[in-house]
1. For Leu174, only one of the following conditions fails: (1) in contact with a helix residue (DSSP H, G or I) (Cβ under 6 Å, 6 or more places away or on another chain); (2) within 29 Å of Ala97 (Cβ to Cβ); (3) surrounded by 15 or more Cβ atoms within 10 Å (Cβ to Cβ). What is its number?
2. Tally time: how many residues in region 50-96 are within 14 Å of the chain's Cα centre (by Cα) and not in a strand (DSSP E or B)?
3. Suppose we keep only residues that are among the hydrophobic types (A, V, I, L, M, F, W, C) and either without any contact (Cβ under 8 Å) to a residue 12 or more places away in the chain or touching a Gly at 6+ places or on another chain (Cβ under 6 Å) (or both) within region 32-69. Which one would you say is surrounded by the fewest Cβ atoms within 10 Å (Cβ to Cβ)?
4. When you scan region 137-150, do you find a residue that is modelled with pLDDT under 95, part of a helix (DSSP H, G or I), over 18 Å from the mean Cα position of the chain (by Cα) and exposed (fewer than 14 other Cβ atoms within 10 Å of the Cβ), even just one?
5. Please indicate, with yes or no, whether at least one residue in region 110-117 is out of contact with any Ser or Thr (no Cβ under 9 Å at 6 or more places or on another chain), of a type in the set (Val, Ile, Thr) and assigned to a helix (DSSP H, G or I).
6. Do you know which of the residues in region 14-31 that are free of Cβ contacts under 8 Å to residues at least 40 places away in the same chain and assigned to a loop (DSSP other than H, G, I, E, B) is farthest from Leu222 (Cα to Cα)?
7. Name the one entry in Leu80, Leu86 that is at pLDDT below 95, surrounded by fewer than 16 Cβ atoms within 10 Å (Cβ to Cβ), more than 17 Å from Leu185 (Cα to Cα) and of a type in the set (A, V, I, L, M).
Amino acid sequence: MTIAQFPVIKPIPQHVAIIMDGNRRWAKQFGLPAALGHASGARRVRSIVQGCADRGVRFLTLFAFSTENWQRPQDEVSSLMGLLALYLKKEVNDMNAKGVRLRVVGDISGFDAKIQALIRSAQEKTAHNDAITLSIAVNYGGRWDVVQAVKSWQAAHPDQSVDALNEADLSAHLGLSYAPNPDLLIRTGGESRVSNFMLWQLAYTELFFTDVLWPSFTVDGLDEAIRWYGSLDRRFGGASSLSAIAV
């Protein structure tokens, strides 16, 4: 698909989520080790964050490391951890300059003390920013998120039965409770699945799949996805679109 196939951008999604897939295959295409593919993918993040902010997207959530990714070869996991630490150290000043608020979502207790400290520091330093909220999902899984939300609710209501738990209560304890549910999910790399990402929140999210590998995904690709999103008549399970109801 090309950008010309889509109408002029109409509504802008307020929350975009991206599964950044294809780093290893991109590296293989160029005869490079997987670590360089991941590094190239990390460098791509800055332009996409800026592109989202420039277009009026308020929340961007990136799936960086899943609970299942621990099963990858140890040297690859180690390089990913090193890349995460480097990103947290190097990007904070740029985030502050551009008004980006960083939030990290996932079970950070699974990381070593150094990375946990970097996460806390980066979140604190950017907490006052409001141009866009960038959420990085690391050691995250959608099933984990639901389970931890139930446990969190039960801890907050020790005298209540789980029978009292409703959807609104559960949503308030999810990892991304501070953000609206994603309007648009983009997955790069040619796969057409959500891979245990934000399972609760994606119930009515529009899903855009592209063959482009993440290190090659540009702002033009972002615009293509947003134009596609703008061409949709979103009904949320009803007979009329949200825009029609508003009118």
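The values are calculated or read from the model by the stated rules, or taken from the named source; none is laboratory data. Treat the numbers as computed from the prediction; the structure is a model and nothing was measured. Neighbour counts are summed over all protein chains in view; Cβ atoms, including those assigned to glycine, are modelled from backbone coordinates with ideal geometry.
1. Single failed check for Leu174: (2).
2. Result for region 50-96: 3.
3. Result: Leu32.
4. Checked against the condition, which is being modelled with pLDDT under 95, part of a helix (DSSP H, G or I), over 18 Å from the mean Cα position of the chain (by Cα) and exposed (fewer than 14 other Cβ atoms within 10 Å of the Cβ), region 137-150 yields no hits at all.
5. yes
6. Gly31
7. Leu86
Rundown of residues vs (1) in contact with a strand residue (DSSP E or B) (Cβ under 8 Å, 6 or more places away or on another chain); (2) closer than 21 Å to Thr67 by Cβ; (3) among the β-branched types (Val, Ile, Thr); (4) modelled with pLDDT of 95 or more, yes/no style:
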| residue | (1), (2), (3), (4) |
| --- | --- |
| Ser135 | yes, yes, no, yes |
| Leu174 | no, yes, no, yes |
| Leu184 | yes, no, no, yes |
| Thr188 | yes, yes, yes, yes |
| Pro215 | no, no, no, yes |
